[in-house]
């Protein structure tokens, strides 16, 4: 069994950053490349949910990070 760093981080109450700029794989052991950062986020959200950890919505995350609406609108990011 492989225990991944992000699994341990979540279990210990830490925060995660994911995206294609950090890792190209959705599943490194299987050699499965991620098609998008969204797939990686979805996988880790599933792990968090299984551990009973509530995740931030995109809007909550932008607020936590201090991003203003104009910042993410300029990047073409959905407001959801």
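According to a simple spin-label model (label point 7 Å from Cα along Cα-to-Cβ), what is the distance in nm between residue 60 and residue 5?
2.6 nm
Taking 7 Å along the Cα-to-C-beta vector as the label spot, tell me the residue 26-residue 43 distance in nanometres, rounded to one decimal.
0.8 nm
Using all Cα-Cα distances in region 5-74, what percent lands in each 5 angstrom bin from 0 up to the longest?
4, 14, 22, 23, 21, 10, 5, 1
No lab work stands behind these numbers, since they all come straight from the coordinates. Because the structure is a prediction, the values reported are computed rather than measured. We place every Cβ from the backbone using ideal geometry, glycine too, and count neighbours over all the protein chains shown.
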